[in-house]
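No lab work stands behind these numbers, since they all come straight from the coordinates. Predicted model only: the values in this text are computed from it and were never measured. With ideal geometry, Cβ positions are generated from the backbone for all residues, glycine too; neighbour counts draw on all protein chains shown.
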Amino acid sequence: MAKKKNGNGGKRPLRSREWFDAKGDPTMAALYLERYMNFGLTLAELRSGRPIIGIAQTGSDLSPCNRHHLDLATRVRDGIRDAGGIPIEFPVHPIQETGKRPTAALDRNLAYLSLVECLYGYFFDGVVLTTGCDKTTPAMIMGAATVDIPAIVLSGGPMLDGHFAGGLAGSGTIVWYARQELAAGRIDMEQFIEMVASSAPSVGHCNTMGTALSMNSMAEALGMSLPGCAAIPGPYKERGQMAYETGKRIVDMVWEDLKPSDILTRKAFENAIVAASALGASTNCPPHVNAIARHIGVKLENKDWDRVGYDIPLLVNCMPAGKYLGEAFHRAGGVPTVMKELLDRKKIHGDALTVSGKTMAQNLRHAIKADGEVIKTYDKPMLDQAGFAVLGGNLFDSAIMKTSVISAEFREKYLERKGDRDAFEGTAIVFEGPEDYHHRINDPKLPIDENSILVIRNAGPVGYPGAAEVVNMLPPDRLVKGGILLLPCIGDGRQSGTSASPSILNASPEAAVGGWLALLETGDRVRVDIGRRTANIMITAKELAKRKKAWKPNVVPSQTPWQELQRKFVGQLASGACLDFAVNYQKIAKTKGVP
Ligand code: FES
Ligand code: MG
């Protein structure tokens, strides 16, 4: 696209001019200007008519996964300056997956709100969204979608590969393994910490295909970052180079008036869904991507993930579904190589526009070929069908199951196979949230055996609040010692993207708002038919109705004002757990323009 002299594609003057020229009220312009000169910007710069570009900074000491964005911002600034823009860096509400109580998911909507206020209330013509740790990526894209000014994602990239005892140690996945070792008495607490810490050898986010790498890959598949951005490890030189190119590119995007609403189309979302299957992406992708869709005004629901994505094969051999980590994934070509395999099979829309100003197909022209090992070819995948199965029934309206992590052992032990249909049945053991689970799981009186299904409730967006990552529950120590390393799990909470547990999660509506899961009792039989996409309590409708009548909400009190506010307005995981009223604001930006 050619550069237009007037900016914003020539349609209107740059947004920043309303602040710094403020023709209607020159005295206000003086007030807007004076404080931005007090650290050295000059009047000539601020009045030069050059685009003012925000760098939405998610890194801080509090957010180690994103902390190196503090350094990368220098290269972003260089890029912005070289392309003729003026950088203004600002902090957004920090989110750290591993440090925040009760759960970092509570803060996604808060960071979203904080970004919307910054983008709307200040003079930005465009913004670089720094992303990394799980929720930072959706929060930033959701915010940019609402305000709809030109925006580009800069991922922070995964940490270097972790190593332990001669093997690879992946973020999160090592924790699940170390917990089994600890439960079985094979390691002590000191060894546990050493094992877990070995997976985090450098700056960057989780190095497995957990929620962070999945969501940054989703950003790239959606067309919101430059090709190749997602997988470059945080410490690599290419990461700094990508930061520079991203800074340069956003300035041109302002002149081209290339906005999130031009990129985040239905086709882009379908591309992301297909990519998620091929990547073996986290179960957190459906709620986050559905939330982004709602904030840009595109209709997308869980059923679309099953319909568009279920039959797509698993191509990426990364933990938890495979064996490699971020460095190998990057060297094998990262997201562009995966997208190219999918494009060649006509599984994605090549004509979707991206932040590069080119289409997805144009971006992929120089993608390197799949090596067949770290990134498999479409003909010889890791697994034929790797999408999410979306289930419903008398337990919930909608819940998802990541079929790409169903192990051979689980298949053997639990699944009855009828034709091409997988199903299993078991006796429910019900926990009222993670504290109850930890308190009772090793209680010898609890009747758990290998035919049990572990169920956790009151762990959803309202119940916990925020929706805790707790559905993948370890069996009691006595079963682990006897070789039963996992049991089927069901819950209205979420599950870590690094977990290889074949759980049924994100059950919506959640128990705390009266979803059917609230009526389940320990001892009930539950039948899950993956082929038919159903999950049901096997009791009579009469008995269910009786329990419904007797049901009372069981919600722990809010501990902070934000918890209370979020609980009042948050929707269910199936529809992205958005603040429901907030999704209307993009329409306002679209019809009236962003003042
Ligand atoms: Fe931050 Fe995994 S904990 S990316
Ligand atoms: Mg997580």
Report summary line: Dividing the alpha-carbon radius of gyration of segment 495-595 by 2.2 N^0.38 Å, where N counts its residues, gives 1.45
Query - Average silhouette area of the chain, convex hull of alpha-carbon atoms, in square nanometres - result: 27.2 nm²
Query raised in the report: Where the only charges are on Cβ atoms (+1 Lys, Arg; -1 Asp, Glu), what is the dipole of segment 89-248 about its Cα centre, to the nearest 20 debye?
Result: 120 debye
Query raised in the report: Over the Cα atoms of segment 115-184, Rg to Rh with Kirkwood Rh, two decimal places?
Result: 1.25
Report summary line: Cross-link reach from K587 to aspartates and glutamates, straight Cα distance under 17 Å and at least 8 residues apart if same chain, gives E117, D148, D262
Report summary line: Beyond 23 Å (Cα-Cα) in this structure, taken from K347/K369; K23/K259; K100/K481, we find K23/K259; K100/K481
Report summary line: Taking R0 as 45 Å and r as the Cβ-Cβ distance between E435 and E373, the FRET efficiency 1/(1 + (r/R0)^6), rounded to the nearest 0.05, comes to 0.55
Query raised in the report: With +1 on each Lys and Arg Cβ and -1 on each Asp and Glu Cβ, how big is the dipole of the chain about its Cα centre, in debye rounded to the nearest 20?
Result: 1540 debye
Report summary line: In debye to the nearest 20, the charge dipole size for segment 16-104, taken about the Cα centre with +1 at each Lys and Arg Cβ and -1 at each Asp and Glu Cβ, equals 100 debye
Query - Sequence ranges 354-362, 44-52, 320-328, 22-30, ranked by mean other-Cβ count within 10 angstrom, highest first - result: 320-328, 354-362, 44-52, 22-30
Query raised in the report: Once Lys and Arg get +1 and Asp and Glu get -1 on their Cβ, which of G460, V430, Q495 lies farthest toward the positive end of the dipole of segment 365-501?
Result: Q495
Report summary line: Surpassing 32 Å at the alpha-carbon level, of the pairs K303/K548; K237/K402; K380/K402; K303/K413, are K237/K402
Query raised in the report: In whole Å and largest first, what semi-axes does the C-alpha gyration tensor of segment 223-304 yield when each eigenvalue is scaled by 5 and square-rooted?
Result: 25, 19, 9
Query raised in the report: Given the C-alpha centroids of segment 163-191 and segment 374-450, what is the distance between them in whole angstrom?
Result: 23 Å
Query raised in the report: How large is the helix-only mean residue ellipticity at 222 nm for the chain, computed as the sum of -39500 (n - 2.57) over DSSP H runs with n ≥ 4, divided by its residue count, in deg cm²/dmol to the nearest 500?
Result: -10000 deg cm²/dmol
Report task. Using the number of other C-beta atoms within 10 angstrom as an exposure proxy, rank E97, E416, E301 with the fewest first. Result -> E416, E301, E97
Report summary line: Computed over the chain, the relative contact order (Cα-Cα under 8 Å, seq sep at least six) in percent reads 14 percent
Query - P(r) of segment 74-131 over all Cα-Cα pairs, binned every 10 Å from zero, in whole percent - result: 20, 42, 28, 10, 1
Query raised in the report: Expressed in nm², what is the orientationally averaged projection area of the convex hull enclosing the Cα positions of segment 237-380?
Result: 8.9 nm²
Query raised in the report: Can you give the Kirkwood hydrodynamic radius for segment 1-135, in Å, rounded to one decimal and based on Cα pairs?
Result: 16.4 Å
